[in-house]
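Written below as structure tokens is the structure these notes are about.
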Amino acid sequence: MSLIEFGWTASRDASVAPHRARGLAPARVVRADRERFTVVTEHGNREAQVAGAFRHRAVRPADFPAIGDWVAIAPPPGDGVALIHEVLPRAGVLSRRAAGDVEEEQLIAANVDVVLLVCGLDGDFNPRRVERFLAAVWEGGAQPVVVLNKADVHADPGRAAGEMAASAPGVPVVVVSALRGDGVEALAPWLAPGRTLALLGSSGVGKSTLVNRLLGESRFATAPVREDDSRGRHTTTHREIVKLAGGALLVDGPGVRQLGLWDAESGLSSAFPDVEALAARCRFGDCRHDAEPGCAVREGLASGGLAPERYASWRKLQRELRAFEARHDVRVRIEEKRKWRALTKSYRNRPDKRRSG
């Protein structure tokens, strides 16, 4: 089996060279279900788990392998379980802030080339949510494509596509009906062999239906959405990479009800180039776009060149990132203080220090 079929490139050889010298081999995580993994190797698929030394070194959940990761494994004898010793450098990372009070990064997928942001043309249609998703995708380094699904239930899909395009400047917007197959062929330019795509969207937008359509078979379960709010149930409980007939690789996984941004400052700028361009023209570099004279952003709002709802979305995401940075900085300072206290205590309790006293 050639790893090139799963996205391996010559540029990755340098990253795995030192690990080959230790007897390790490259592999890619193609299925992740908690701490159980399936990896594809030059000799086929293998079940895998992290090595004990790896687990000891890992500090954060994001240090562990994620779907799409390239890893260095110790090849198992026969059909045994492979041990993952290293995660190779990542690109095209898709992540979010984990739910709850703990300030942690949760990886959704790694080494993704293109992210299909799926939005339903029913009650799920929400340009503001897509703006949030775009900030996360741009930050991770992948190329976003907005897919408006369920064109068969919308009276004017073209108008909806125009509205979405205004909220996603420079991003392709494709209208499809995964149920009927209409417009799916327009996704072909992003389905090149060896290219990795991820689907991102809320539950009930029809991701599993779209995956089945792209696969040409009903491999993944689908479920009807609630009529009152167009929300669906998670029909996919794990993440895995499936290979399409043309050779493209598709990451399928559970829907995302909430996407808390994780360190997405540059991604936010990329998602709102129109607002950022106006802000750069303000008279004062620290303009708050409130009541300062010479504010180009307020002038854009007054002239109608900038939609109020888009500006409000930009400000909301900015505030979220500022709050994240404040909490994150406090956590880092606390962790550093705890680490130095432990080191100081360890130094004081050294036997040679006690004898010298």
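Details
- Checking the stated criteria, Ala271 turns out not to satisfy the condition of being small (Gly, Ala, Ser), within 28 Å of Ile108 (Cα to Cα) and at pLDDT below 90.
Here's the yes/no breakdown for (1) at pLDDT below 95; (2) closer than 20 Å to Val137 by Cα; (3) small (Gly, Ala, Ser); (4) assigned by TED's automatic domain parsing to the domain that holds Glu325:
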{"residue": "Asp286", "(1), (2), (3), (4)": "yes, no, no, yes"}
{"residue": "Cys295", "(1), (2), (3), (4)": "no, no, no, yes"}
{"residue": "Glu299", "(1), (2), (3), (4)": "no, no, no, yes"}
{"residue": "Ser303", "(1), (2), (3), (4)": "no, no, yes, yes"}
{"residue": "Ser313", "(1), (2), (3), (4)": "no, yes, yes, yes"}
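- For Arg22, the test of being of a type in the set (Lys, Arg) and under 23 Å from Thr196 (Cβ atoms) is failed.
- Test: residue in the range 42-60 that is surrounded by 18 or more Cβ atoms within 10 Å (Cβ to Cβ), in contact (Cβ under 8 Å) with a residue 40 or more places away in the chain and of a type in the set (Asp, Glu): no
- Out of Glu131, Glu105, Glu139, one residue alone is assigned by TED's automatic domain parsing to the domain that holds Thr196 and either within 16 Å of Arg195 (Cβ to Cβ) or touching a strand residue (DSSP E or B) at 6+ places or on another chain (Cβ under 6 Å) (or both). It is Glu105.
- Evaluated against (1) closer than 18 Å to Gly247 by Cα; (2) surrounded by 14 or more Cβ atoms within 10 Å (Cβ to Cβ), Thr9 falls short on exactly one condition, (2).
- The residues of the range 52-80 that are over 16 Å from Ser15 (Cβ atoms) and of a type in the set (Asp, Glu), listed by number, are Asp63, Asp79.
- Criterion applied to Arg219, Arg226, Arg231 was being of a type in the set (Lys, Arg), under 16 Å from Val30 (Cβ atoms) and at pLDDT below 70, and the one residue passing it is Arg219.
- For Pro127, the requirement of being surrounded by fewer than 24 Cβ atoms within 10 Å (Cβ to Cβ) and under 30 Å from Ser177 (Cβ atoms) is met.
- Strands (runs of 3 or more DSSP E) lying entirely in the range 7-91 (those with 1 or more residues that are modelled with pLDDT under 95): 25-33, 36-41, 44-50
The values are calculated or read from the model by the stated rules, or taken from the named source; none is laboratory data. Since we're looking at a predicted model, the values are computed, not measured. Heads up, the Cβs are rebuilt from the backbone with ideal geometry, glycines too, and the neighbour counts pull from every protein chain shown.
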